[in-house]
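One structure is given below, encoded as structure tokens.
Rule-based calculations on the coordinates, nothing more; no lab input. As the structure is a computational prediction, the values presented were derived from the model and not from experiment. Heads up, the Cβs are rebuilt from the backbone with ideal geometry, glycines too, and the neighbour counts pull from every protein chain shown.
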Amino acid sequence: MSVNSKYDTQLWLAESDLDNLEIVPLGSADDADDDYIVPNDLSILPVRNTVLFPGMVIPVTVGRQKSIKLVKKAYKGNRIIGVVAQSNQQKDEPTADDLYRLGTVAYIIKMITLPDGNITIIIQGKKRFEIVNFLQEEPYLTANVRQIDDHFPSPNRKESKALIQSLKESAYKILRLNPEIPQEARIALDNIESPMFLMHFLSSNIEGEVADKQKLLETTEGAQQATLLLEFMLRQIQLLELKREIQTKASSDIDQQQRDYFLRQQIKVLQDELGMDSPDRDLEEVRMRAARKKWTPAVQAHFDKELNKLQRINPMAPEYPVTMNYIELMVDLPWNEYSKDNFDLKRAQKVLDSDHFGLEKVKERMIEYLAVLKLKNDRAYEGMKAPILCLYGPPGVGKTSLGRSVAKALGRKYIRMALGGVHDEAEIRGHRKTYIGAMPGKIIQNIKKSDSSNPVFILDEIDKVSSDFRGDPSSALLEVLDPEQNSTFIDNYLEVEYDLSKVLFIATANSLDTIHPALRDRMEIIELTGYTVEEKIQIAKKYLIPKQRKEHGLKPKDLMVDDKAIQRIIESYTRESGVRNLEQKIGALVRKIAKSIALEEDYPKTIKPADVLKMLGAEIFDRDLYSDDDIAGIVTGLAWTQVGGEILFIESSLSRGKGNLTLSGQLGDVMKESAVTALSYLKAHSDQIGLDYNVFNHYDLHVHVPAGAVPKDGPSAGITMLTSMASIFTQRKVRPYLAMTGEITLRGKVLPVGGIKEKILAANRAGVREILLCSKNRKDVEEINQNYIKDLTIHYVDTVDQVLETALLPQQVSKPMKFVFPKEKEKESEPVPTTVTVL
């Protein structure tokens, strides 16, 4: 018999430890103790997980300091102690209140000191006693006790004989049913003659809880104790018979499935007998959890219906775990449970600013949303719907990481769901329960993981959702991302409405063209155009360089990077809207420094532009700078690209011909149409700029945009092409250090264009001093940090006349442009030229 415990526990001892023990033979122990007198005062040894009966010999390991002191002192003295079981089995340091009041006097036969410092004692029970009162608790428990004598009717009475015979028959039956008990136990039973010793022997060895055995010890009247013991033994026999019956039924032609069923049956029977983790207990636990849920009456009715259905299903049926999983999903979901928002707007602004540089529109939108929640206070979730935002922009500008910062600023849970390559509608809406392996969609799954009904939910790469024969996930997202519908979102697996209106959905996309038009209409589009060079310099200084220093084990004093060096990395080694490649180049730079430090080599503590060239190698990209060409027909334009703004040059030249227009430089259709429009305007208004109309019929015009290998398109070059044509026709040079952008109409109107911020900053970096824009673009200029454009002069125009008046210098009369037109020839071989001077 073995009991596991941390301190005072009954243990099996090696046979070598018991060789020299003198133990009273079974059957005569009670006879030897008939005349034993219990002392009035006893030292009390608390034990747990076992009960000592009179006449029984058991080993006990003593680990508590108090118990060790008690045993050592008793072993040196009369070796008599009182053994009492703990009523509170979990208490490591029991007090008088944690012990039963009835125990057994024990004699210490032998004491063995173990290597770990604990002590094992072999004790033999003598007489039962009752604690009258405790005398002391230190250094160990002592108590005043009263002896309790055993009373058993005469063994010759019929009732006594019947009880003793029933006990022995039950014991024999247990031996037959339980093969784990050694057969030597039957010999021991045959040799027991005393009825009281028989009861103590069986009480000590039957399987049962400590409370049951203590109840047997406290039953002092022999017949009552025998009756109670017989009841416990019959219960054990029933369990063994049931186990034997299950084993017999499951023994024929067992395969893997039958084996699993048999094991489940055994577990079920044991659970039923022990009252542990039975299906009914699981259902009761689910019901208790459901009682705490804040769901609507409709959801409550649906849950009750499913739970009642589950109760009618056999736990061994295949439908049981399916229905149980569904019930557990319902109680796991956070119905109307919201995390508390942090309404400290200044802190939220600080968090957003510390994590991201720029991106003012998104930050302002988040602060507006938080401000509305703050003003609504406790009524925040009564009618407030979270916005559906879509951050649209090129890769690497911080769209996804911005969502994490928003969650941090609001104090909400953060969820990210990657939609790239999702092509199954069930991943959004879930499978129907009738399918094998059905599960809810990722929306509901992630809500369950977050334990909150108002997380910040990032739908990453929403423009890369695909569709095939399994459905269209974009269409499935229509209900999720519609503020008017997502309060009643229904997952195919869940089958009941779930409110998603409080979830702050933030979608990210690189392109709007591939997003379903109806889906795009439901979202609030916030465009992130990318970072300017000036912003990238600040990002590198505040975020990227410190991050790379930390990741490579450098200290701030080990490496500093000059602003000019950062700008050279940005302009010569990267071409992107975001900062991913910039971070990679900075990482390469930091690794060079780390290697020099590790090898104890000299290196520049502050990186200059010249050092960048040495460390990163030859420059990858070239940037155009303003070139002051003293030739008519060359105009500087401004262009927008995905990697920021750039300047471009438009060149025009004339040659004698038949009035043909040639365009080169790999221009798109929009730029070609702008060139045709500009030429048509010049032809229609040639007299206003002092041109003879015949020049358009006898001279060919060639307009070229350098870097012919780079495709170019867009409406921004209208006034630039017109100015270049007017300059070459009139031979009036363009004002130096001037750049322009804008579209034209046939009526001579100048129209606004986009990308003004990137274009102006590119012009400033290229050395341009004056910029010509449509007056309607004034609002775009006002959004730019004035520190970036303080050295620029910006001219606002509304008509083509204002463009030419501002852009073209007066004609130098000493060098007129001479156009030669042929007269009507009397003879084809003898042309008579006519000279026209244009001032």
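Restricting to DSSP loop positions (anything but H, G, I, E, B) with no more than 13 other Cβ atoms inside 10 Å of their own Cβ, which trypsin sites (Lys or Arg not before Pro) remain in the stretch 760-803?
Hits after loop and neighbour filter: LYS790.
Counting DSSP beta bridges with both partners in the stretch 662-814, what percentage is antiparallel, nearest 5?
25 percent
For a test of the definition: using alpha carbon positions, the gyration tensor, and the 1.5 limit on a/c, classify the stretch 521-637 as rounded, prolate or oblate.
oblate
Which order do LEU494, LEU270, LEU500 fall in if you start with the one that has the fewest other Cβ atoms within 10 Å?
LEU270, LEU494, LEU500
Over the Cα atoms of the chain, what is the Rg over Rh ratio if Rh follows Kirkwood?
Radius of gyration over Kirkwood radius for the chain works out to 1.27.
Using a ≥ b ≥ c from the Cα gyration tensor of the stretch 634-807 (square roots of the eigenvalues), is it rounded, prolate or oblate, where a/c under 1.5 gives rounded and otherwise the larger of a/b and b/c decides, a/b for prolate?
prolate
What Kirkwood radius, in Å to one decimal, follows from the Cα pairs of the stretch 756-798?
10.3 Å
So what's the angle, to the nearest 10 degrees on a 0 to 90 scale, between helix 580-598 and the longest Cα principal axis of the chain?
Approximately 70 degrees, to the nearest ten.
In straight Cα distance, which lysines are under 17 Å from LYS73, not counting same-chain residues fewer than 8 positions off?
Once the sequence-local lysines are set aside, what remains near LYS73 is LYS110.
Going by how many other beta carbons lie within 10 Å of each one, how would you line up THR434, THR574, THR227, fewest first?
Ordered by Cβ neighbours within 10 Å, fewest first: THR434, THR227, THR574.
Might you report the magnitude of the Cβ-based charge dipole of the chain about its Cα centre, with Lys and Arg at +1 and Asp and Glu at -1, to the nearest 20 debye?
Approximately 2120 debye in magnitude.
With both bridge residues required to lie in the stretch 374-527, what share of the DSSP beta bridges run antiparallel, to the nearest 5%?
Bridges in the stretch 374-527 are about 15 percent antiparallel.
So what is the relative contact order for the chain, in percent, with contacts set as C-alpha pairs under 8 Å and at least six apart?
7 percent
Would you mind calculating the relative contact order of the stretch 634-807 from Cα pairs under 8 angstrom and at least 6 residues apart, reporting the percent as a whole number?
27 percent
May I ask you to list the chymotrypsin sites (Phe, Trp or Tyr not before Pro) in the stretch 376-485 that are in a DSSP loop and have at most 10 other Cβ atoms within 10 Å of their Cβ?
Those that pass, being in a loop and sparsely packed, are PHE469.
Holding the Cα-Cα limit at 27 Å, pick out from LYS564/LYS672; LYS305/LYS385; LYS91/LYS213; LYS712/LYS790; LYS542/LYS564 the pairs that are longer than that.
LYS564/LYS672; LYS305/LYS385; LYS712/LYS790
Calculate the tail of P(r) for the stretch 278-332: the fraction of all Cα-Cα distances greater than 16 Å, expressed in %.
In whole percent, the share of Cα-Cα pairs in the stretch 278-332 beyond 16 Å is 35.
For the chain, take the longest principal axis of its alpha carbons; what is the angle in degrees between that and the long axis of helix 279-291, to the nearest 10 within 0 to 90?
50 degrees
Please arrange MET671, MET288, MET196 by how many other C-beta atoms lie within 10 Å of their C-beta, fewest to most.
MET288, MET196, MET671
By DSSP, what percent of the beta bridges with both residues in the chain are antiparallel, rounded to the nearest 5?
60 percent
Dividing the alpha-carbon Rg of the stretch 462-554 by 2.2 N^0.38 Å yields what?
1.57
As I understand it, the value is the acute angle between the Cα axis of helix 563-573 and the longest principal axis of the Cα atoms of the chain; what does it come to in degrees, rounded to 10?
Taking Cα atoms only, the helix is inclined about 80 degrees.
List the GluC sites (Glu not before Pro) within the stretch 138-203 that fall in a DSSP loop (any state other than H, G, I, E or B) and whose Cβ has at most 10 other Cβ atoms within 10 Å.
GLU180
What percent does the relative contact order of the stretch 278-332 come to when contacts are Cα pairs within less than 8 Å and at least six residues apart?
With pairs under 8 Å counted, the relative contact order is 44 percent.
How would you classify the stretch 349-429 from its alpha-carbon gyration tensor, with a ≥ b ≥ c the square roots of the eigenvalues: rounded for a/c under 1.5, else prolate if a/b is greater than b/c, otherwise oblate?
Judged from the Cα gyration tensor, the stretch 349-429 comes out oblate (a/c at least 1.5, b/c at or above a/b).
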